[in-house]
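Have a look at the structure below before the remarks.
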Amino acid sequence: MAYVNKTTYVYQYPRTSARKVKITKGTEVKVTATSGSWARITKSSNVGYIQTKYLTRKSGGTSPSSWKSKVVKMDWFKEGKNLVKKGAYATLYSIDTGK
């Protein structure tokens, strides 16, 4: 879980020219992915994008947290399947297939 540290906007797509909806400071959201300075978030059943500088990991926090993804190269069937905990989100990329 994460919290919005400043009243700002959630965008339909990860760019400031996309359709937007206001979100208030202190709102709890779930970060499902990050890319550069954007985070994909969910609140209830709504999905949107917010700049990571407006997120913090602590309720009432004001400073942004690091939301950079951890990249690990490994064999999924040997050690990878134990890395991601049940209920956690992860993005898997196959070097062989490009998927």
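We did not get these values from a lab; they are worked out from the coordinates using the rules stated. Every value quoted in this text rests on a predicted model; they were computed, and no experiment measured them. Positions of Cβ are generated from backbone atoms using ideal geometry, with glycine treated the same way; all protein chains shown enter the neighbour counts.
Brief remarks follow.
- Distance in nm between pseudo-label sites at R19 and D96 (7 Å out along the Cβ direction from Cα): 4.2 nm
- The charge dipole of region 2-56, taken about its Cα centre with unit charges on the Cβ atoms of Lys, Arg (+1), Asp and Glu (-1) only, comes to about 160 debye.
- Here, region 2-56 is characterised by an Rg to Rh ratio of 0.90, where Rg is the alpha-carbon radius of gyration and Rh the Kirkwood radius.
- Residue order, fewest to most beta carbons within 10 Å, for S59, S35, S45: S45, S59, S35
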